[in-house]
Amino acid sequence: LRPASLSRFRGALLGALMGDCFGSEFEGQNSMRAATVIRTVRRMEEEDRGQGTLDFTDDTAMARSVVQSLLSNEEFDEVDMAKRFAEEYVKDPDRGYGMGVVTVFKKLLTSQSTDVFEPAREQFEGKGSYGNGAAMRVVGIPLAYPDIKDVKKFAKISGQLTHAASLGYNGAILQALAVHYALQGVPTNTFLDQLISNMEAVEGDEKSLADAKELDLVELPFTNRLKKIKEFVERGQISKDDVISELGHGIAALESVPTAIYSFLRCMTPDPDIPEEYNSLQRTIIYCLSLGGDTDTIATMAGAIAGAYYGEELVPSSWKQRCEAYEDAEKWAEELHELYSKRCQST
Ligand code: F2R
Ligand code: MG
Ligand code: MG
Ligand code: MG
């Protein structure tokens, strides 16, 4: 296994943080022209340091718990991770958590059961959540595990702590795979082909097939959207309305993870609506914000992928320094890089 550069690790965690902090200002709005987003972004950039920072939301709060759990145990530990999610929620409940997931935290804190997956299974009358909360926080997994089998396995299990529906945890697997391949610098076309072949297998299991059917979705829904992305990338010039209607910009994993991946790929080349003073990583985040809807989450996922691909060189300090606790992201990126490199040597 090839060790990836430290710059890519820092890019991934800082990209995710910037996406969340800048994106949360736009969460729940309609799509808008890039020029409108940029006017607000300029104000956000220009605020004096010391005037306070842009706060991160639940996306980063939970991503931090994933990373801290992986670093302090040097292994995936579901009991420890669940405890961190719940304790972090109690410490700061006003980070904009999903309406449903809060019930999971409360049960984790009071339950006598030793099964940490039980509260998640009870969500939505036993159907489990298909929200994007498992995907939005998963970046630490592909930064801790170089082996793709581990990436898939631990993205799934970490997701199942809150999201028992296959559409929830499969979204986490897809997002983790996207960061994994971005970290390796895999070129555009191979990137999508790899995601498609992996997701075909992931979504081909009994539960994923049954869940898709139950929700009246096409078979292999994530794979299907990845194929749509391929078509969009080949065609070019896709309108925001088409992106939103075909890929989504909502709170469900299926309505947001593919959109984040598309945004990353689309923004590899200049966009006539976004000034060239913004680099590819910034362009990716700005584009996500312009889609409206679940902007913090789509931008945090796209930011993680783009940051892993371009590395820290494209993280402008003017953006980074506006974000709450950016120093933690830098420190933890180094520690994850060490852990990842150690694992590369032992395989
Ligand atoms: N919660 C938000 N945004 C809304 C409010 C933001 C802020 N307070 C404001 O005022 O602007 N954002 C955050 O939530 C998303 C992640 O959610 P997560 O962790 O997946 O939570 P949950 O509750 O499990 O799922 C979210 C919603 O999806 C619907 N849903 C999920 N599974 C369902 C099912 N099986 N059946 C029916 N509905 C289901 C529910 O509406 C859930 O509440 C991120 O955007 C994060 O930023
Ligand atoms: Mg503040
Ligand atoms: Mg959020
Ligand atoms: Mg969100």
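The values are calculated or read from the model by the stated rules, or taken from the named source; none is laboratory data. Please read all numbers here as calculations on a predicted model, not as lab measurements. Neighbour counts run over all protein chains shown; Cβ positions are idealised from the backbone, glycine included.
Consider segment 257-277 and keep the residues that are outside any helix (DSSP H, G or I) and in contact (Cβ under 8 Å) with a residue 12 or more places away in the chain. The one that is surrounded by the fewest Cβ atoms within 10 Å (Cβ to Cβ) is PRO270.
Checking each residue in segment 201-230 for being outside any helix (DSSP H, G or I) and buried (at least 18 other Cβ atoms within 10 Å of the Cβ) picks out only LEU220. For segment 7-14, the condition holds for at least one residue, the condition being that it is of a type outside the set (Lys, Arg) and within 28 Å of VAL116 (Cα to Cα). CYS344 - would you say it is in contact (Cβ under 8 Å) with a residue 24 or more places away in the chain and either out of contact with any Lys or Arg (no Cβ under 9 Å at 6 or more places or on another chain) or among the aromatic types (Phe, Trp, Tyr) (or both)? No; evaluated as a whole, the condition is false for this residue. Being among the aromatic types (Phe, Trp, Tyr) and either surrounded by fewer than 21 Cβ atoms within 10 Å (Cβ to Cβ) or under 18 Å from the mean Cα position of the chain (by Cα) (or both) is the requirement here; does TYR130 meet it? In short, yes. Scoring VAL315 on the criteria (1) farther than 18 Å from PHE26 by Cα; (2) within 16 Å of the chain's Cα centre (by Cα); (3) buried (at least 24 other Cβ atoms within 10 Å of the Cβ) leaves a single failure, condition (2). Being away from ligand 2 (no atom under 16 Å from the Cβ) and out of contact with any helix residue (DSSP H, G or I) (no Cβ under 8 Å at 6 or more places or on another chain) holds for only one residue in VAL104, VAL116, VAL79, and it is VAL79. In segment 55-68 there is at least one residue that is touching a Lys or Arg at 6+ places or on another chain (Cβ under 9 Å), farther than 17 Å from MET301 by Cβ, within 16 Å of ligand 4 (Cβ to nearest atom) and modelled with pLDDT of 95 or more.
Within segment 116-123, is even one residue in contact (Cβ under 8 Å) with a residue 12 or more places away in the chain, surrounded by fewer than 24 Cβ atoms within 10 Å (Cβ to Cβ) and in a helix (DSSP H, G or I)? Yes, there is a match, as at least one residue in segment 116-123 is in contact (Cβ under 8 Å) with a residue 12 or more places away in the chain, surrounded by fewer than 24 Cβ atoms within 10 Å (Cβ to Cβ) and in a helix (DSSP H, G or I). Restricting to segment 240-256, count the residues that are among the acidic types (Asp, Glu) and touching a residue at least 60 places away in the same chain (Cβ under 8 Å). Total satisfying the criteria: 2. Residues in segment 291-317 that are of a type in the set (A, V, I, L, M, F, W, C), within 16 Å of ligand 4 (Cβ to nearest atom) and in a loop (DSSP other than H, G, I, E, B): LEU291 alone.
Condition check ((1) within 16 Å of ligand 3 (Cβ to nearest atom); (2) part of a loop (DSSP other than H, G, I, E, B); (3) touching a Phe, Trp or Tyr at 6+ places or on another chain (Cβ under 9 Å)) across all residues:
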| site | (1), (2), (3) |
| --- | --- |
| MET44 | no, no, yes |
| LYS83 | no, no, no |
| TYR89 | yes, no, yes |
| TYR97 | yes, yes, yes |
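Look at segment 11-36: where a residue is in contact (Cβ under 8 Å) with a residue 12 or more places away in the chain and at positive phi and a partner is within 12 Å of ligand 1 (Cβ to nearest atom) and in a helix (DSSP H, G or I), sitting 6+ places away or on another chain with Cβ atoms under 9 Å, you get GLY28/THR295. Of all residues in segment 278-309, those satisfying the criterion of being of a type outside the set (A, V, I, L, M, F, W, C), surrounded by 24 or more Cβ atoms within 10 Å (Cβ to Cβ) and touching a Gly at 6+ places or on another chain (Cβ under 8 Å) are THR284, ASP294, THR295, ASP296, THR297, THR300, GLY303, GLY307, TYR309.
Selection of segment 118-149 for residues being charged (D, E, K, R) and more than 18 Å from ILE305 (Cα to Cα) yields GLU118, ARG121, GLU122, GLU125, LYS127, LYS149. Tell me, which residue of segment 58-77 that is within 20 Å of TYR97 (Cα to Cα) and more than 16 Å from ligand 3 (Cβ to nearest atom) is surrounded by the fewest Cβ atoms within 10 Å (Cβ to Cβ)? So the residue we want is GLN68. Quick one: is SER31 crowded, with 23+ Cβ neighbours inside 10 Å, more than 16 Å from ligand 2 (Cβ to nearest atom) and of a type outside the set (Val, Ile, Thr)? Criteria not met by SER31. Scanning segment 116-140 for residues that are more than 19 Å from ASP20 (Cβ to Cβ) and within 15 Å of ligand 3 (Cβ to nearest atom) returns a single hit, SER129. One residue stands out in segment 102-115 among those that are over 12 Å from GLN160 (Cα atoms) and assigned to a helix (DSSP H, G or I): the one that is farthest from ligand 3 (Cβ to nearest atom), namely THR110.
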